[in-house]
Amino acid sequence: MWMWSGSLRPVQLEVLPVQVEFHSQKVGDVDVFYRVAGPADAPVVLLLHGFPTASHMFRDLIPELAETYRVIAPDLPGFGNTVAAPRGKFTYSFDHLAQIIGGFTEALHLDRFALYIFDYGAPVGLRVAMAHPERISAIISQNGNAYLEGLSDAWAPWRTYWASPTPENREACRVSLTAESIRLDQYLHGADPSLVSPDGYTLDIAYMARPGAQEIQLDLILDYASNLALYPAFQAYFRAHRPPLLAIWGRHDPHFLPAGARAYQRDLPQAEIVLLEAGHFALETHAAEIGNSMRRFLAAHGVGQSRRSDSDAASGTQPVVTTFQTNGARA
């Protein structure tokens, strides 16, 4: 990077790469693996991943934020590198995952933080937020659903399993765990395949092939019904505590529809909605756009001040719906 000195001579400034550290935090009997980057005294952004992935999904977003924020991304129990007991000794439910993540935030003394919630990270993170609303500075929901209208027809096999948890219906859900489904349905659907690195889905497929992994995921698929039952409570939390919220959505997600993003404005009229020409894993193709939107949004709500020169600086708190083309330009 070059800057001009007072004598009008160019001076080269060194731009240091973001240093990401990898740690493990004991929470009860669980060793929670997490990634962390950014100044230790900076405002905290907690990144919660979804199915079928882990904190590696944030590998491109963390450098976008870590100049200004303390960015922390744990792996949920049953995912990635977090170590928890097998089924029968550990209950794989969303209530229990939220308890572990809540304990994780307390172990790290996170008294105030912004939440990034994606997919499974949404019902986990919103449980954490409801338990301690005073700790939440803002919420960024990236394809993190909290409304019935956000669910597509692709949920039909899971809904059948919820209504009738027979062995046959459990097996019918196993197709969601196959390598083909992870690659095509989760990562490539609605995305430009030339922009999607194979690194993410290859690692997720490897994680899913570990002994016992599929049965854990089938337990969580069954328990996902508990999240729908909590939607009214999530929405009541929004109305009561009014956290600043940015819903930034891959509009071609086959599971979570754009209607789920827009629905946030029903309970949070000042929520900002950004729709991207992306699929479910929008970070795979739009990490820079999401990072820009997050820095602007967080700075506008007093959560740190971006040190970058974002061209789309905050312009007020009126409801916003923005659509981006694939290259990130405003439509």
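The values are calculated or read from the model by the stated rules, or taken from the named source; none is laboratory data. Model, not experiment: these values are computed from the prediction. With ideal geometry, Cβ positions are generated from the backbone for all residues, glycine too; neighbour counts draw on all protein chains shown.
Figures for the structure shown
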quantity: Any chance Asp31 is of a type in the set (Asp, Glu), under 21 Å from Tyr224 (Cβ atoms), touching a Ser or Thr at 6+ places or on another chain (Cβ under 8 Å) and not in a loop (DSSP other than H, G, I, E, B); calculated: no
quantity: Qualifying position, being at pLDDT below 95 and not basic (Lys, Arg), among Phe324, Phe256; calculated: Phe324
quantity: Considering residues of region 256-273 that are of a type outside the set (A, V, I, L, M, F, W, C) and in a helix (DSSP H, G or I) only, the residue surrounded by the fewest Cβ atoms within 10 Å (Cβ to Cβ); calculated: Arg266
quantity: Some residue of region 160-180 being buried (at least 18 other Cβ atoms within 10 Å of the Cβ) and at positive phi; calculated: no
quantity: Neighbours by Cβ (under 7 Å, 6+ apart or cross-chain): first from region 13-42, at pLDDT 95 or above; second part of a loop (DSSP other than H, G, I, E, B) and aliphatic (A, V, I, L, M); calculated: Gln25/Leu108; Asp29/Ala85; Val30/Ala84; Arg35/Val20; Ala37/Val18; Ala37/Val20; Ala37/Ala66; Gly38/Ala66
quantity: Residue within region 118-130 that is surrounded by 22 or more Cβ atoms within 10 Å (Cβ to Cβ), under 18 Å from Leu245 (Cβ atoms) and among the aromatic types (Phe, Trp, Tyr) present; calculated: yes
quantity: Some residue of region 87-96 being within 30 Å of Ala288 (Cβ to Cβ) and buried (at least 20 other Cβ atoms within 10 Å of the Cβ); calculated: no
quantity: Candidate set: region 181-203, residues that are within 11 Å of Pro52 (Cα to Cα) and small (Gly, Ala, Ser); chosen: the one surrounded by the most Cβ atoms within 10 Å (Cβ to Cβ); calculated: Gly200
quantity: Residue under evaluation Phe104, criteria (1) in contact with a helix residue (DSSP H, G or I) (Cβ under 8 Å, 6 or more places away or on another chain); (2) outside any strand (DSSP E or B); (3) surrounded by 15 or more Cβ atoms within 10 Å (Cβ to Cβ), criterion not met; calculated: (1)
quantity: Matching residues in region 99-121 - criterion: being in contact (Cβ under 8 Å) with a residue 24 or more places away in the chain, over 18 Å from Ile62 (Cβ atoms) and over 18 Å from the mean Cα position of the chain (by Cα); calculated: Gly103, Ala107, Asp111
quantity: Only one of Gly50, Gly78 that is among the small types (Gly, Ala, Ser), part of a loop (DSSP other than H, G, I, E, B) and under 15 Å from the mean Cα position of the chain (by Cα); calculated: Gly50
quantity: Pick from region 274-305, criterion among the small types (Gly, Ala, Ser) and part of a helix (DSSP H, G or I), ranking: surrounded by the fewest Cβ atoms within 10 Å (Cβ to Cβ); calculated: Ala288
quantity: Test: residue in region 189-211 that is part of a helix (DSSP H, G or I) and either in contact with a Cys (Cβ under 8 Å, 6 or more places away or on another chain) or modelled with pLDDT under 95 (or both); calculated: no
